[in-house]
Amino acid sequence: MNEIYPLINQIKNYAWGSQTALPKILGRKNAGFENMAEYWMGTHPAGPSRVLAQGKELLLSELIAQDPKSILGSELARLHNNTLPFLFKIIAVEKCLSLQAHPSKTQAEAGFASENRLNIPVTAPERNYRDDNAKPEIICAITPFSALAGFRPHDQIISAFEAIKFSHLQKELSDYKINRNEPGLKIFFKAVFGLNGREKKVFLKELMDYCLSRKKPDKSIALILNLLKEYPDDAGCISPLFLNDVQLKPREAMFIPAGLVHAYYRGTGFELMSNSDNVLRCGLTIKHIDLDEFSDICRFVPEESNKIRPDRIGNENAYPIPVKDFLLSDILVKEDAPYVSRSARQAEILFCLSGAGKIILDSVPEPYEASQGMCFFIPSDAPAYRIEGRLEIFKATMG
């Protein structure tokens, strides 16, 4: 296929989204003042992209199905059963997302099969596994971006809880002090997040009182107070005592592997992941929580954030990650520095973050106009292309 396809993509409106961030990036108005949370680019059935091809509009997945090896690339098609293996998003976070973790491929296959045997509809709110895929992901900041990700060292967690002196957790905390290891952290975490009824109410009151009593509150205390406003009845408000507070500057990125507990709480960024919607939640949400299943897939080990240093090749910064399903890169095009693609490529999705210019294919007489908010799908068998002008473009492809 000797052409490029502009993509028509869907916006997801969730309570945690921003009313201004996505409209600004996409160059659209938000007349209804909706909370625009995510912009999906890909073939996932929950929000599939569409293309205009052969004079009609069709799903991107339908276009791919016409000739998967040519459109995706033979290697990508072979490894991923003739389907696009990644989902590309822009997310705009105004309110903290669910405290969550994602399964590995093996865990997803087992969980999906188990819930199918129980005849739980895939769309049911109590469903944990909506497909049989893993969901590793990368988040790359567009604006300053804030997240909780990965457990803090055992000593830091214990010291933070000792300072508050919760009335219902002293025995559990003592046991954890003796067992400062993965099983010990798991048991203590489940005890905290398993509080309910009066015990949870007392726990949250003690947490609030402690935070308000601090004459010079640090950042974690300020974050807890904010979470208590957003989720007043949720034990997940204690998360800053358990987890690392990660700050990403614009164009900094972080990798989220299977089993890493995390919650994004402020900012706008590109999110690229395997083509999956499997999310196990344990707090900071009104959605389904399955603490036992979450605990089975979560890694209860202290770990620092997986910040990624990009590899620069010409005017392209690629963010290397330890999975092959996807690769994110940032392309900077200047008047005196056009971008020239490789001849041999897998399928790509391009999103124009800023600026204006042209995408040129020698096989097509007229260039494709490209400007802020526009998105394109480039088949593997399209000839090498050139981008001219002044643009910043983010590219998603196979790793």
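None of the figures in this text is laboratory data; all of them are computed from the coordinates on show. These numbers come from a predicted model, not from an experiment. FYI the Cβ positions are ideal-geometry reconstructions off the backbone, even for glycines, and counts take in every protein chain you see.
Does Leu361 satisfy the criteria of being in contact (Cβ under 8 Å) with a residue 60 or more places away in the chain and closer than 19 Å to Leu52 by Cβ?
yes
What residue, of Leu87, Leu72, Leu63, Leu52, is among the aliphatic types (A, V, I, L, M) and in contact with a His (Cβ under 6 Å, 6 or more places away or on another chain)?
Of Leu87, Leu72, Leu63, Leu52, the one residue that is among the aliphatic types (A, V, I, L, M) and in contact with a His (Cβ under 6 Å, 6 or more places away or on another chain) is Leu87.
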- [ ] Considering only residues that are assigned to a helix (DSSP H, G or I) and hydroxyl-bearing (Ser, Thr, Tyr), look in the range 161-184 and name the one that is farthest from Val261 (Cα to Cα).
- [x] Ser174
- [ ] Scan the range 310-340 residue by residue and report those that are β-branched (Val, Ile, Thr) and either surrounded by fewer than 16 Cβ atoms within 10 Å (Cβ to Cβ) or part of a strand (DSSP E or B) (or both).
- [x] Ile313, Ile331, Val333, Val340
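Quick check on my filter: what residues within the range 260-284 are closer than 17 Å to Leu97 by Cβ and small (Gly, Ala, Ser)? Quick ask: steps written out before the conclusion?
Our first condition is that a residue be closer than 17 Å to Leu97 by Cβ; within the range 260-284, this holds for 260-273, 276-284.
Correct list: Ala263, Gly267, Gly269, Ser276, Gly283.
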TODO: State yes or no: is Glu38 touching a residue at least 24 places away in the same chain (Cβ under 8 Å), of a type in the set (Asp, Glu) and surrounded by 19 or more Cβ atoms within 10 Å (Cβ to Cβ)?
DONE: yes
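Within the group Leu72, Leu60, Leu76, which residue is buried (at least 19 other Cβ atoms within 10 Å of the Cβ), farther than 30 Å from Phe294 by Cα and touching a helix residue (DSSP H, G or I) at 6+ places or on another chain (Cβ under 7 Å)?
Numbers: Leu60 fails: touching a helix residue (DSSP H, G or I) at 6+ places or on another chain (Cβ under 7 Å); Leu76 fails: touching a helix residue (DSSP H, G or I) at 6+ places or on another chain (Cβ under 7 Å).
One residue alone meets the criteria, Leu72.
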- [ ] Tell me which of these Met208 doesn't satisfy, since it passes every other one: (1) in contact with a Leu (Cβ under 7 Å, 6 or more places away or on another chain); (2) among the hydrophobic types (A, V, I, L, M, F, W, C); (3) buried (at least 20 other Cβ atoms within 10 Å of the Cβ).
- [x] (3)
Task: Only listed residue being part of a helix (DSSP H, G or I) and in contact with an Asp or Glu (Cβ under 8 Å, 6 or more places away or on another chain), chosen from Ile187, Ile158, Ile138, Ile120 - done: Ile187
